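In what follows, a structure is listed as structure tokens, so that the remarks can point back to it.
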Amino acid sequence: MSFVRRHFYWLFFYGAMFFLFLWPLLFLKLTFSFGDYKVQFYPWSLLYAKGLAAGNLPYWTRLFGCGFPLVAEGQVGAYYLFHLAGYRLLPFFMAYTWGILFHVLLGGVGFYLFCLHLGQSRQAAALSSILFSFSTAYGGCFYTTGTLRALSWFPWGLLAVGKIGSSSAERKKFLYTLLLGMLLSQMWTAGFPQITLYAAGYLFLYQLFRAGNFFDRAMGYFFLANVLGIILAWPQISATLELARVSVRAGQDTSFALWGSVLPPGFLALLFPSLSQVFGISFYVGILPLFLITAAMLGPKRKDEKIFLWLALIFALLSLGRFNPAYTYFVKLFSATALRNPSKFLFFTVASLAILAGFGFDRIFVDASDEFKRRRMIKITAVLVFCAVLFPAMASWGLGRWEGSLR
């Protein structure tokens, strides 16, 4: 079977979504130059690119305030390999704009391959990949492109962790450990250390749940990979830590860290993106995947399904921030004021839900034990989807009738 036929569903549907939403960037008609991008990230990147063109890194610039250590600003990604190559070899506007496309695609490919590694069908893996890129990584890049860059390596980290656990030969385990260390170093230098810390925590829990024992040999490989990643990224990490100590955000109180906590009703925004402005949440999975996720929860669950269900729940609870007493106590106890805006944890909840939606797809369309059961599940899902599509229109109609009766 040819490569195109084997991966047709992903190539066609993911490719269509990619072109539909991102074609202005692909053809360099537009780029991210609004809001914070206009006053921070775009000019930072431009100064960085000019420094590389002159043959040096801009360790200091006189163009911000009384002077500023540009390389130490972690969101610039000064030691990030893509930046070192892209801004050195390509025109600035092209490197800046296509860098966004590259990282959206990088995350989508990685998530697709990881879902195939989990045993999902090619159709289900394509669906999960689309949900990952166009509800989380792509949606999250509106927070910062540094977020997007760091998160695009996250599914590759999951794949490396999975390979470490599933490989029987010690040589392969060690090679995947080296690969995971390289991936983590790219996440640390990509431009958003906070989200990288969360991602490392997610990878730790995934490895722990897979191993079932903290003292399992695979956990040792995982910690080795993290040490390697930090060592490789240390020039960036050490400079950023030095800058953070003199930042205006240093010495903030607990309320600073708990800003951006998710109100419990805010989880509705994960299903209805139109509520994102109400609750201040930029991550979502959509209403239709909810029914696939429900299908994954019906009947006996496989180990991987249980793992990602628990991961979705854990990171949802973390996102509650000040509405979660345990999280609030942790922040106060360790003065963890750098962990600002707990809603960022929702990215990992949505990524887990995307994987569960793929498992639900297979349970409905592939794994049903007999034809009758399969048809019944398809009919139930079709009715639920039909109701979900009609619900907003019916609610608007009912509200209009109710308001009219009051006049």
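The values are calculated or read from the model by the stated rules, or taken from the named source; none is laboratory data. Just so it is clear, the structure is predicted and the values come from calculations on it, not from any experiment. Here Cβ is always computed from backbone atoms with ideal geometry, including for glycine, and neighbour counts include all displayed protein chains. We work out accessible area using only protein heavy atoms, side chains counted, and drop any ligands, DNA or RNA first. Shrake-Rupley method; radii C 1.70, N 1.55, O 1.52, S 1.80 Å.
Out of region 316-334, which residues are open to solvent by 70 Å² or more (accessible area, probe 1.4 Å) and at pLDDT 95 or above?
Once the filter is applied, which keeps residues that are open to solvent by 70 Å² or more (accessible area, probe 1.4 Å) and at pLDDT 95 or above, region 316-334 yields only Leu317.
Does any residue in region 103-125 that is within 15 Å of Val161 (Cβ to Cβ) come within less than 8 Å, Cβ to Cβ, of a residue that is open to solvent by 40 Å² or more (accessible area, probe 1.4 Å) and part of a loop (DSSP other than H, G, I, E, B) six or more places away or on a different chain, and which pairs are these?
Taking only residues 6 or more apart or on different chains, the pairs are Gly110/Trp153.
For region 297-308, indicate whether the set of residues that are small (Gly, Ala, Ser), closer than 22 Å to Ile355 by Cβ and under 19 Å from the mean Cα position of the chain (by Cα) is non-empty.
Keep residues of region 297-308 that are small (Gly, Ala, Ser), which gives 299.
After this cut, where a residue has to be closer than 22 Å to Ile355 by Cβ as well, the list is 299.
Subsequent filtering for residues that are under 19 Å from the mean Cα position of the chain (by Cα) retains none.
No; the residues of region 297-308 include none that is small (Gly, Ala, Ser), closer than 22 Å to Ile355 by Cβ and under 19 Å from the mean Cα position of the chain (by Cα).
Filter region 140-189 down to the residues that are among the charged types (D, E, K, R) and closer than 18 Å to Ala211 by Cβ and list them by number. Write out each step before concluding.
Here is the first cut: in region 140-189, the residues among the charged types (D, E, K, R) are 149, 163, 170-173.
Lys163, Glu170, Lys172, Lys173 - these are the residues of region 140-189 that are among the charged types (D, E, K, R) and closer than 18 Å to Ala211 by Cβ.
Just to be sure before I move on: is Val285 open to solvent by 70 Å² or more (accessible area, probe 1.4 Å) and β-branched (Val, Ile, Thr) in the structure I sent?
In short, no.
Which of the residues belonging to region 214-255 are open to solvent by less than 50 Å² (accessible area, probe 1.4 Å), closer than 30 Å to Ala169 by Cα and modelled with pLDDT under 90?
The answer is Ala218, and nothing else.
Restricting attention to region 335-342, does a residue exist that is under 30 Å from Tyr202 (Cα atoms), modelled with pLDDT of 90 or more and within 29 Å of the chain's Cα centre (by Cα)?
yes
Which one of Leu313, Leu275 is surrounded by 14 or more Cβ atoms within 10 Å (Cβ to Cβ) and either touching a residue at least 12 places away in the same chain (Cβ under 8 Å) or hydrophobic (A, V, I, L, M, F, W, C) (or both)?
Every option except Leu275 fails the conditions.
Tally up the residues in region 75-97 that are part of a helix (DSSP H, G or I), buried (at least 17 other Cβ atoms within 10 Å of the Cβ) and either aliphatic (A, V, I, L, M) or in contact (Cβ under 8 Å) with a residue 60 or more places away in the chain (or both), please. Spell out the reasoning first.
At the first step, the residues of region 75-97 found to be part of a helix (DSSP H, G or I) are 75-76, 81-89, 92-97.
From what is left, the residues that are buried (at least 17 other Cβ atoms within 10 Å of the Cβ) are 75-76, 82-83, 86-87, 92, 95-97.
The next check asks that each one be either aliphatic (A, V, I, L, M) or in contact (Cβ under 8 Å) with a residue 60 or more places away in the chain (or both); those that pass are 75-76, 82, 95-97.
Qualifying residue count for the region: 6.
Can you tell me which residue is nearest to Tyr284 (Cα to Cα) among those in region 256-265 that are touching a residue at least 40 places away in the same chain (Cβ under 8 Å) and open to solvent by less than 80 Å² (accessible area, probe 1.4 Å)? Write out each step before concluding.
Within region 256-265, the first condition is being touching a residue at least 40 places away in the same chain (Cβ under 8 Å), and the residues that meet it are 256-264.
Keeping just the survivors that are open to solvent by less than 80 Å² (accessible area, probe 1.4 Å) gives 256-258, 260-262, 264.
Working: Phe256: 25, Ala257: 23, Leu258: 21, Gly260: 16, Ser261: 16, Val262: 13, Pro264: 15 Å.
This residue is Val262.
Please identify the pairs in which a residue from region 29-40 that is in contact (Cβ under 8 Å) with a residue 60 or more places away in the chain and within 14 Å of Phe92 (Cβ to Cβ) has its Cβ atom under 7 Å from the Cβ atom of a residue that is part of a helix (DSSP H, G or I) and among the aliphatic types (A, V, I, L, M), counting only partners at least 6 apart or on another chain.
Thr31/Leu25; Phe32/Ile100
What number of residues in region 15-46 are open to solvent by less than 30 Å² (accessible area, probe 1.4 Å) and in contact with a Leu (Cβ under 9 Å, 6 or more places away or on another chain)?
6
Mind listing whichever residues of region 166-189 are crowded, with 18+ Cβ neighbours inside 10 Å and modelled with pLDDT under 95?
Passing the criteria: only Lys173.
Report yes if Leu205 is more than 22 Å from Leu241 (Cα to Cα) and in contact (Cβ under 8 Å) with a residue 60 or more places away in the chain, otherwise no.
Yes; evaluated as a whole, the condition is true for this residue.
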